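Working notes for the structure below.
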Amino acid sequence: MTDDKKNTELADEKPVKLKGRGGKGNWPSSRAGLIQTDDDRAMVSALIRQTNTLYKQPRVKSDEELMERFAWYFDLCENEGRIPTVEGLALCIGYSWGGMNDIEAGRSGGFSKASSIIIKNAKAFLHEFDAQLAKSGKENPITSIFRMKCYYGLREDTHHTIHIDTNQTDVNADDIAKRYGEDLVEAETASDFAKRLSGANPSDFDAEN
């Protein structure tokens with residue numbers, strides 16, 4: 001193939017259109033189109049090699065091995081420039097992510113009561129690292145929020161404060177009757193109902209009636 005023909009074919013290539021809901025590449029079948037260049041394939045090979053290193057680790061059998069394996073994993077990430085993850089933390093000790101979470105939460109026995117604390121401390125290390133990564137601007141904010149919610153219990157709560165003034169003195173009986181309907185006051189007069197809502201005892205107003 002001549003260089004001119006090769007260049008023409010490259011110029012005619014169209015960019016890969018990502019598929020999935022919203023036009024995103026969020027379906028497994030769309031991943032094949034994302035790996036096209038030698039650099040892409042090299043990245044995939046490197047990621048598989050890194051993951052395989054963790055996958056081949058034997059399952060830990062004591063709290064001592066648990067601490068040693070976590071320390072080994074963090075040293076590995078530092079020396080090789082890896083980004084530590086919760087998934088990697090679980091894989092390096094021979095457990096799935098769910099299995100490690102069960103030990104942390106006490107749903108699975110672990111090796112002793114200390115097992116849960118050891119895992120919590122290791123995840124606290126990751127929490128701090130992820131926070132620093134987000135702070136540095138190196139991590140996509142959406143990815144950061146997703147990980148904080150999934151792994152560290154981040155919640156977005158909306159609080160509403162409702163204030164009811166029980167000492168209101170300018171209650172208008174006619175307005176209350178119109179607002180809430182006559183069925184609410186059928187057993188008493190609108191005036192008595194208004195006085196009761198304002199905190200007063202209707203019998204206190206008998207002289208007025």
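Ala122: crowded, with 16+ Cβ neighbours inside 10 Å, closer than 24 Å to Tyr55 by Cβ and not charged (D, E, K, R), yes or no?
In short, yes.
For the subset of segment 37-67 comprising residues that are polar (S, T, N, Q) and outside any loop (DSSP other than H, G, I, E, B), which member is farthest from Met100 (Cα to Cα)?
By that ranking, first place goes to Ser45.
Residue-by-condition table, conditions (1) crowded, with 16+ Cβ neighbours inside 10 Å; (2) in contact with a helix residue (DSSP H, G or I) (Cβ under 6 Å, 6 or more places away or on another chain); (3) within 23 Å of Glu128 (Cβ to Cβ):
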residue	(1), (2), (3)
Ser62	no, no, no
Glu68	no, no, yes
Asp75	no, no, yes
Glu80	no, no, yes
Pro84	yes, yes, yes
Gly88	yes, yes, yes
Ile93	yes, yes, yes
Arg107	no, no, no
Ala114	no, yes, yes
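Can you confirm whether segment 96-107 contains a residue that is closer than 20 Å to Thr51 by Cα, of a type in the set (Val, Ile, Thr) and assigned to a helix (DSSP H, G or I)?
Of segment 96-107, the ones closer than 20 Å to Thr51 by Cα are 96-101.
Checking the rest, the ones that are also of a type in the set (Val, Ile, Thr) come to none.
Checking segment 96-107: not a single residue is closer than 20 Å to Thr51 by Cα, of a type in the set (Val, Ile, Thr) and assigned to a helix (DSSP H, G or I).
No lab work stands behind these numbers, since they all come straight from the coordinates. Everything numeric here is computed off the predicted structure, so don't read it as measured data. Glycine gets a Cβ as well: all are built from the backbone with ideal geometry, and neighbour counts include every protein chain shown.
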